[in-house]
Amino acid sequence: MRTQVAIIGSGPAGLLLGALLAKAGVETVILERKSRDYVLGRIRAGVLEQGTVDLLARAGVEARLHREGLVHEGFFMGFANRRLRIDLTELTGGRHVTVYGQTEVTRDLMDARDAAGLTTIYEAEDVAIHDFDRDSPCVTFVEDGVSHRLDCDFIAGCDGFHGICRASVPSGAIQLFEKVYPFGWLGVLADVPPCSHELIYANHARGFALCSMRSPTRSRYYVQVPADEDVGAWSDQRFWDELRLRLDPEAADRVVTGPSIEKSIAPLRSFVAEPLRFGRLFLAGDAAHIVPPTGAKGLNLAAGDAHYLAEALAEFYRDRSDAGIRAYSERALARIWKSERFSWSLTMLLHRFDTMSPFEQRMQEADFRYVESSRAAQTAIAENYVGLPL
Ligand code: APR
Ligand code: PHB
C-alpha cells in the first residue's frame, strides 16, 4: 500500500487534517486503533471557536453544525455566589463561539470521509512508524490478523496523548513540558434542559463547577473532584446535590435533574512537546499538547494544528517547497503556548487547591474582583475564549 500522507489517529486532529488535505488534492490513509463506534462513543468538550467553524466549513462539513450548533455570545463566571457575564460579542467586536459536541464534529468528519471514498482503517493493531528520519518513511500495522505495510511521504501523528508517534521519537530529540493538577472533573451528561442558556464556570468554596450543554434538551455538567476520586462513589443523586451546592441560588434553582447518560472523571493536565516535526513525522492535536478543559481549547487547538499542517503539506505538493513544513513547528507552537497560558490561568482562577495558602486564596479573590471591575481584563478573557487568530 502507498499514500502521500499516513495519518495515525481518527480523532478531530487526524480527521480534519485528512479533510483539508483532500480539498488540496493530497492523498491520505488514516489508521485508527479503535473501532468507529468506540471513537464516536467518547464524550468530550463542545465549544467551537469561530476559526474552527470556518475550518470545518472549508473542509465541507458545516451543514449540520450550522443547523444544530448553538451560537453563544457570552458566558458566566461565578465566584462566591456572585455571577459575572463575559460578553464575548460586545468585547471582541462581534465574535462568538458555537456549542456543538466534539463527538458530532467527529461524526460529521467521518461521514464526509466515507462519502468521499477516502480510506480509514479502523481497529488497526500494532501500528508502528519507521524511517521518518529518511526520505521514505512507512507505517506497519496488523488488520484482521494480517500484517501490512503502508509506504508514504509523510506521517502525521494525530494519535492523542497516549499514542505511539510521540513515543517513537528518540528522547534526546524532544523536550516535554508538563503540569499535572491535583484534581479532575467529574462530568455528567443528561437529557434535561440546561439550567442556564449560557455556560456558567463557577468557583466555589466546595470546588469548581461548570454548567454546559449539548442542545436545548441535553445538559453537560462538571464538578471538580480529587484526582484519585472513584467515579463509582458518585450516584446521580450525589452529583446533582453537589452541583447545586456549588452554584449561585438562581442557577441552583434552575437545575433540572434526571438520570445520567454518561458519567466519567477526566484528569487535568497542561502538556506541550517541542518541537512538533522530526524529519517526515509531524505531531498534531493531543499527541503534541494537552490543555486543562477550563478554557475549552483542546479541540480548537487540534483544529489549528490541522490547519497549519495541511497548509504546509499542500504547499509541498503544489509548489515543491518545504518552507511551510520547516515552519510548521514554530508556527503551531506560538499559538499553542498562548492557549496553554490562557487555559492554565483560567484553571488557576476558577479551581480550589488544597495547597493554596491564605495569601494565595486572597490573590484568587483579588484576581476575580479585578476581572469584575475591569473591561480590559474581561476583554483579555473574551479574546482568548473566542480564539486567537490562526
Ligand atoms: N494507533 C492508531 N490510533 C491510535 C493509536 C495507535 N497506536 N493510539 C491512539 N490512537 C487513536 C485514538 O484511539 C484516538 O481515536 O488516535 C486518536 C486520537 O484522537 P483524540 O484523542 O481525539 O485526539 P485529537 O484528534 O488530537 O483531538 C484533540 O480531543 O482529547 C480531546 O481535548 C482533546 O478536544 C481535544 C481533542
Ligand atoms: C463541555 O461542554 O463539555 C465543556 C464546555 C466548556 C468547557 C469544557 C467542557 O470549558
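The values are calculated or read from the model by the stated rules, or taken from the named source; none is laboratory data. In this text, all values refer to a predicted model and were calculated from it rather than measured experimentally. Glycine also receives a Cβ, built like all others from the backbone with ideal geometry; neighbour counts cover every protein chain displayed. Please note that ligands, DNA and RNA were not included when accessible areas were found on the heavy atoms of the full protein model with its side chains. Shrake-Rupley method; radii C 1.70, N 1.55, O 1.52, S 1.80 Å.
Checked against (1) within 15 Å of ligand 1 (Cβ to nearest atom); (2) out of contact with any Cys (no Cβ under 8 Å at 6 or more places or on another chain), A287 passes all but condition (2). Take A112 and tell me if it is assigned to a loop (DSSP other than H, G, I, E, B) and either within 16 Å of ligand 1 (Cβ to nearest atom) or free of Cβ contacts under 8 Å to residues at least 40 places away in the same chain (or both). It is false that A112 is assigned to a loop (DSSP other than H, G, I, E, B) and either within 16 Å of ligand 1 (Cβ to nearest atom) or free of Cβ contacts under 8 Å to residues at least 40 places away in the same chain (or both). Take the conditions (1) surrounded by fewer than 23 Cβ atoms within 10 Å (Cβ to Cβ); (2) under 19 Å from the mean Cα position of the chain (by Cα); A314 misses just one of them, which is (2). Residue under question is A45, and the condition is that it be within 16 Å of ligand 1 (Cβ to nearest atom), open to solvent by less than 60 Å² (accessible area, probe 1.4 Å) and either more than 18 Å from the chain's Cα centre (by Cα) or of a type in the set (V, I, T) (or both); does it hold? So A45 does not fit the description; no.
Here is a yes/no grid of residues against (1) touching a strand residue (DSSP E or B) at 6+ places or on another chain (Cβ under 7 Å); (2) at pLDDT 95 or above; (3) more than 25 Å from C211 (Cβ to Cβ):
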site	(1), (2), (3)
R331	no, yes, yes
A334	no, yes, yes
S339	no, yes, no
W344	yes, yes, no
T347	yes, yes, no
L350	yes, yes, no
M356	no, no, no
Y370	no, yes, no
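Reported count of residues in the stretch 193-227, each being surrounded by fewer than 19 Cβ atoms within 10 Å (Cβ to Cβ) and more than 22 Å from V97 (Cα to Cα), is 4. When each of I381, I325, I336 is tested for being over 24 Å from G184 (Cβ atoms), crowded, with 16+ Cβ neighbours inside 10 Å and among the β-branched types (V, I, T), the lone residue that passes is I325. R82 - would you say it is modelled with pLDDT under 95, away from ligand 2 (no atom under 16 Å from the Cβ) and over 19 Å from G298 (Cα atoms)? Yes: the conditions hold for R82. Restricting to the stretch 96-116, name every residue that is open to solvent by less than 60 Å² (accessible area, probe 1.4 Å) and of a type outside the set (V, I, T). Passing the criteria: H96, Y100, G101, Q102, E104, D108, L109, M110, A112, R113. Kindly establish whether D133 is away from ligand 2 (no atom under 16 Å from the Cβ), in contact with a Gly (Cβ under 6 Å, 6 or more places away or on another chain) and touching a residue at least 12 places away in the same chain (Cβ under 8 Å). In short, yes.
Within the stretch 48-63, the set of residues being buried (at least 21 other Cβ atoms within 10 Å of the Cβ) and away from ligand 2 (no atom under 16 Å from the Cβ) comprises L55, L56, A59, V61. Selection of the stretch 228-263 for residues being under 24 Å from the mean Cα position of the chain (by Cα), open to solvent by less than 70 Å² (accessible area, probe 1.4 Å) and under 16 Å from R352 (Cα atoms) yields E229, L243. Inside the stretch 12-42, residues that are over 18 Å from I336 (Cα atoms), at pLDDT 95 or above and within 14 Å of the chain's Cα centre (by Cα) make up a count of 1. Against the numbered list (1) modelled with pLDDT of 95 or more; (2) of a type outside the set (D, E); (3) open to solvent by 10 Å² or more (accessible area, probe 1.4 Å), F75 comes up short only at (3).
Scanning the stretch 178-231 for residues that are aliphatic (A, V, I, L, M) and over 22 Å from D87 (Cβ atoms) yields V180, L186, V188, L189, A190, V192, A205, V223, V225, A227, V231. Among the conditions (1) more than 15 Å from ligand 2 (Cβ to nearest atom); (2) touching a strand residue (DSSP E or B) at 6+ places or on another chain (Cβ under 6 Å), the only one that M77 does not satisfy is (1).
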